[in-house]
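Here the structure is laid out as structure tokens; the discussion comes afterwards.
The values are calculated or read from the model by the stated rules, or taken from the named source; none is laboratory data. The structure displayed is predicted, hence computed values, not measured ones. In this analysis, Cβ positions are derived from the backbone assuming ideal geometry, glycine residues included, and neighbour counts consider all displayed protein chains.
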Amino acid sequence: MTGKVIDGRVIGKAIREEVKQSVGKLVHKGCQPGLAVILVGDNPASQTYVKNKEKSSIEVGMKSVLIELPETVSTDELLGKVEELNQDETIHGILVQLPLPKHIDEDLIIGSITPAKDVDGFHPVNVGKMMIGQETFLPCTPHGIMALLERSGVDLEGKHAVVIGRSNIVGKPMGQLLLQKNATVTYCHSRTKDLPSYTKQADILVVAIGIPKFITAEHVKKDAVVIDVGMNRDENGKLCGDVDYEKVKNVASAITPVPGGVGPMTITMLLKNTLLSAEKACKSQS
Ligand code: GUN
């Protein structure tokens, strides 16, 4: 048997279409949602991500502002730019693309974004709100994975979800969101001993480790749901995930491909967060 493919392109497109409709209504009221993205330096991967964010926000009818700063920019200059955007009423979402150059204090910059415009959900205030289940901006990748699971009809109640990875951007918030949906959550990471003993128990397995095709059929329980957050190149230079898709798809009941699984959802949820921010700001103005 081959597992069902969870198609992030189709689900992402459907959500972006809903966002576009809502953006249209806000524009009609004279309140166009605006997203500002700051890119520091010339990391090619970051440049690609940022261009895609710009293109997608324009496609749904948002105002898009891209601010490109040189690698040599100082922390003070960057803080000044963020503050300018904090004050700009036409901007509802501010995203500083990570990673930042080593000489810049990343925590200081993230903490300087006003939480009301932190559409990445990285500000400590928003992370705290998420932890205690208050309404806030949820980090885009885990938020997108929750949307994939929900729209694929995956029941999480009482299920064992195993998350591999503990980054602030993906792993940690992922476990929290699964917990809020009443899954039993186990976190695994690079220091975990006997990883397969955990992964083989997973009803839902979320993999964010950054090693090409690391998870094989032997790691996966029959009929598990497998979510692959990886974005790597294989030995032939082809895009691949952290999961050996060709092998694992025969064991899993549902699986996300790479590309075309989690990837399209991250930008989609960024747009959704920006829309929510604009809806709030515009309501308080009128
Ligand atoms: N770098 C990799 N992923 C992300 C993300 O979701 N947001 C930001 N700001 N930077 C990233």
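Overview of results
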read-out	value
Where Gln97 falls short, out of the listed (1) away from the ligand (no atom under 16 Å from the Cβ); (2) out of contact with any Lys or Arg (no Cβ under 7 Å at 6 or more places or on another chain)	(1)
Subset of the stretch 141-155 [crowded, with 22+ Cβ neighbours inside 10 Å and in contact with a strand residue (DSSP E or B) (Cβ under 9 Å, 6 or more places away or on another chain)]	Pro142, Ile145, Leu148, Leu149
Of the criteria (1) in a helix (DSSP H, G or I); (2) under 20 Å from Met231 (Cβ atoms); (3) β-branched (Val, Ile, Thr); (4) over 12 Å from the mean Cα position of the chain (by Cα), which one Thr141 fails	(4)
Number of positions in the stretch 220-274 that are of a type in the set (Asp, Glu) and under 30 Å from Ile113 (Cβ atoms)	2
Ile113 touching a residue at least 24 places away in the same chain (Cβ under 8 Å) and under 23 Å from Gln87 (Cβ atoms)	yes
Residue within the stretch 129-151 that is in contact (Cβ under 8 Å) with a residue 12 or more places away in the chain, in contact with a Phe, Trp or Tyr (Cβ under 9 Å, 6 or more places away or on another chain) and aliphatic (A, V, I, L, M) present	yes
Matching residues in the stretch 144-170 - criterion: being among the hydrophobic types (A, V, I, L, M, F, W, C), in a loop (DSSP other than H, G, I, E, B) and within 16 Å of the ligand (Cβ to nearest atom)	Ile169, Val170
Flag if Met131 is away from the ligand (no atom under 13 Å from the Cβ), at pLDDT 95 or above, closer than 29 Å to Arg16 by Cβ and surrounded by 15 or more Cβ atoms within 10 Å (Cβ to Cβ)	no
Filter pass, Leu69 being over 26 Å from Ala208 (Cα atoms) and in contact with an Asp or Glu (Cβ under 9 Å, 6 or more places away or on another chain)	yes
Leading residue by the ranking (surrounded by the fewest Cβ atoms within 10 Å (Cβ to Cβ)) among those in the stretch 101-110 that are within 14 Å of the ligand (Cβ to nearest atom) and of a type outside the set (A, V, I, L, M)	Asp107
Pick from the stretch 221-252, criterion closer than 11 Å to Leu205 by Cβ and more than 21 Å from the chain's Cα centre (by Cα), ranking: surrounded by the most Cβ atoms within 10 Å (Cβ to Cβ)	Ala252
Failed item, numbered, when Gly121 is tested on (1) more than 10 Å from the ligand (Cβ to nearest atom); (2) surrounded by 19 or more Cβ atoms within 10 Å (Cβ to Cβ)	(1)
